[in-house]
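Quick note: the coordinates plus some simple rules give every number you see, no bench work behind them. Only a predicted model underlies this, so the values are computations on that prediction, with no experimental measurement involved. Here Cβ is always computed from backbone atoms with ideal geometry, including for glycine, and neighbour counts include all displayed protein chains.
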Amino acid sequence: METSQHKCALGVFTLTNYFYWAVLEQDNASPTLTDRRREDVPKIMTTAQLMTWYAGRVSSLLESYEPTIVAARLPIAGRGFGLKIEFVERAVFPNAIVHFLCQQIDPPIPVLNCVKQSFSAKRFGLTKQAGKKDAELLSEECDSTFAHDGHYWDENQKQAVLAAWLALRS
């Protein structure tokens with residue numbers, strides 16, 4: 001007799017101006033996209049106020065969805081993301097809040113850190129296609145697996161979805 005193990009993953013991706021998150025659930029079948037959002041990050045706040053805002057948002061998500069694992073898609077300075085104080089405060093620091101809050105829960109929720117390079121076709125059980133980059137293949141796979149469109153279903157939202165999906169696979 002096969003036992004069903006319900007898993008729920010929260011994927012987060014923090015950028016300077018936006019907080020993307022996605023919740024995926026899985027029993028023995030393919031994962032299901034339960035919810036996802038792009039939230040505007042308040043613009044005029046001190047670092048302490050911003051961390052308090054993130055703590056409130058992440059706490060609410062942890063309480064609402066009770067994930068069994070959380071995945072943080074870490075923004076890396078480089079193409080498109082300059083290593084400036086604002087970037088570090090608004091996009092990198094919030095991931096520490098995620099880790100802290102997940103460790104405060106009994107039992108603690110594991111957090112998987114990932115970067116864009118963590119997302120490869122192989123890690124998702126896909127066959128690499130000639131002439132297609134992994135990012136393109138995974139974007140298409142998100143579209144076909146989760147059949148989602150609408151507001152803010154963009155590459156950044158898919159990064160939060162891929163983080164949660166990778167966490168379910170780990």
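Just so you know, in segment 17-58 the residues that are of a type in the set (Ser, Thr, Tyr) and within 15 Å of the chain's Cα centre (by Cα) include one that is nearest to CYS102 (Cα to Cα), and it is TYR54. Residue under question is ALA135, and the condition is that it be surrounded by 12 or more Cβ atoms within 10 Å (Cβ to Cβ), under 18 Å from the mean Cα position of the chain (by Cα), under 20 Å from TYR18 (Cα atoms) and of a type outside the set (D, E, K, R); does it hold? Considered against the rule, which asks whether it is surrounded by 12 or more Cβ atoms within 10 Å (Cβ to Cβ), under 18 Å from the mean Cα position of the chain (by Cα), under 20 Å from TYR18 (Cα atoms) and of a type outside the set (D, E, K, R), ALA135 comes out as no. Taking segment 5-27, which residues are under 16 Å from GLU89 (Cα atoms) and not in a strand (DSSP E or B)? Result: LEU15, THR16, ASN17.
For every residue, the table says whether it meets (1) touching an Asp or Glu at 6+ places or on another chain (Cβ under 8 Å); (2) farther than 30 Å from TRP53 by Cα; (3) among the aliphatic types (A, V, I, L, M).
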{"site": "PHE93", "(1), (2), (3)": "no, no, no"}
{"site": "GLN103", "(1), (2), (3)": "no, no, no"}
{"site": "PHE119", "(1), (2), (3)": "yes, no, no"}
{"site": "GLU140", "(1), (2), (3)": "no, yes, no"}
{"site": "PHE146", "(1), (2), (3)": "no, no, no"}
{"site": "TYR152", "(1), (2), (3)": "no, no, no"}
{"site": "GLU155", "(1), (2), (3)": "no, no, no"}
{"site": "LYS158", "(1), (2), (3)": "no, no, no"}
{"site": "LEU162", "(1), (2), (3)": "no, no, yes"}
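Checking each residue in segment 51-78 for being aliphatic (A, V, I, L, M) and either within 17 Å of LEU112 (Cα to Cα) or in contact with a His (Cβ under 7 Å, 6 or more places away or on another chain) (or both) picks out VAL58, LEU61, LEU62, ILE69, VAL70, ALA71, ALA72, LEU74, ILE76.
Yes/no per residue for (1) without any contact (Cβ under 8 Å) to a residue 40 or more places away in the chain; (2) surrounded by 13 or more Cβ atoms within 10 Å (Cβ to Cβ); (3) touching a helix residue (DSSP H, G or I) at 6+ places or on another chain (Cβ under 9 Å); (4) within 23 Å of GLU155 (Cβ to Cβ):
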{"site": "THR34", "(1), (2), (3), (4)": "yes, yes, yes, yes"}
{"site": "MET45", "(1), (2), (3), (4)": "yes, yes, yes, no"}
{"site": "TYR54", "(1), (2), (3), (4)": "no, yes, yes, yes"}
{"site": "VAL70", "(1), (2), (3), (4)": "no, yes, yes, yes"}
{"site": "LEU74", "(1), (2), (3), (4)": "no, yes, yes, yes"}
